[in-house]
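Written out below as structure tokens is the structure these notes cover.
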Amino acid sequence: MTEAPPLPRLGPWVRWPLVLSLVVLAVRIAGELSDWDPRWFPREGGPTLSPVGIWPLIPIVGFLQGFAVAGRGHAPDRPGLALVLHLLGGALLAAAVAIGMQSLRWPMQPIAAAAGALLAFGFAWRAWPELLRYTLAYGFCLRAGVVAVTALALALDWGTHLEYLPAESGATSPLERFALLAATQLLVWVPATVALGGAAGSFAALIRGRRADDALDE
């Protein structure tokens, strides 16, 4: 039985997406501090998703990572099922976060988010464990960097979206605010990156598989 080739090197598939994402974050913060068009550079956080932000890069990076991993012979047996599992994990994460924010107060919200994160990670591992190492590494490194920038923003009182918390969060002191903001980055956005990036990567594997099947039929 022929063994599959080794997986692509993890470093390049994390390093370059990370650099690009941090550049976009820097542009976003510069725009907010310079009072550029608030439609593109809003200072609000929460459900406001600016076109200039990191989140649009998540499915792009996931797609490329999935395409590369599948190209090395490590595609999931059923890419369509992997796509559904990633989306299901993301939906459960969103539900846990919504319940935590609407029904719980500090410090219980991170516990609800952690439960949702475990579900998202579990579904991603079940869907495609080889891809999980790439999406998780990218997501964790990126959000750790965002946490560091958030600490600086809070200390200097920049007033950016990184510091935004809804009034009903219950976090009042600077330490509580930082803890909740950091928890949001690590317990919400990291598993969200895994779920969304994994779904995009599974779609890439599905496309690649269909292309291979078409080539065999010709």
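None of the figures in this text is laboratory data; all of them are computed from the coordinates on show. Just so you know, these numbers come straight off a predicted model, no measurement behind them. Glycine gets a Cβ as well: all are built from the backbone with ideal geometry, and neighbour counts include every protein chain shown.
What is the residue count in the stretch 7-61 for residues that are aromatic (Phe, Trp, Tyr) and either in contact with a His (Cβ under 9 Å, 6 or more places away or on another chain) or assigned to a loop (DSSP other than H, G, I, E, B) (or both)?
Keep residues of the stretch 7-61 that are aromatic (Phe, Trp, Tyr), which gives 13, 16, 36, 40-41, 55.
When the remaining residues are screened for being either in contact with a His (Cβ under 9 Å, 6 or more places away or on another chain) or assigned to a loop (DSSP other than H, G, I, E, B) (or both), the result is 36, 40-41, 55.
Counting residues in the stretch 7-61 that are aromatic (Phe, Trp, Tyr) and either in contact with a His (Cβ under 9 Å, 6 or more places away or on another chain) or assigned to a loop (DSSP other than H, G, I, E, B) (or both) gives 4.
When you check GLY100 against the structure, is it small (Gly, Ala, Ser), surrounded by 18 or more Cβ atoms within 10 Å (Cβ to Cβ) and under 14 Å from the mean Cα position of the chain (by Cα), yes or no?
Here the answer is no, as GLY100 does not meet what is asked.
Considering each of ALA127, ALA192 in turn, give the residue that is surrounded by 21 or more Cβ atoms within 10 Å (Cβ to Cβ), closer than 25 Å to TRP40 by Cβ and not hydroxyl-bearing (Ser, Thr, Tyr). Explain how you work it out, then say what you get.
Working: ALA127 fails: closer than 25 Å to TRP40 by Cβ.
On inspection, the qualifying residue turns out to be ALA192.
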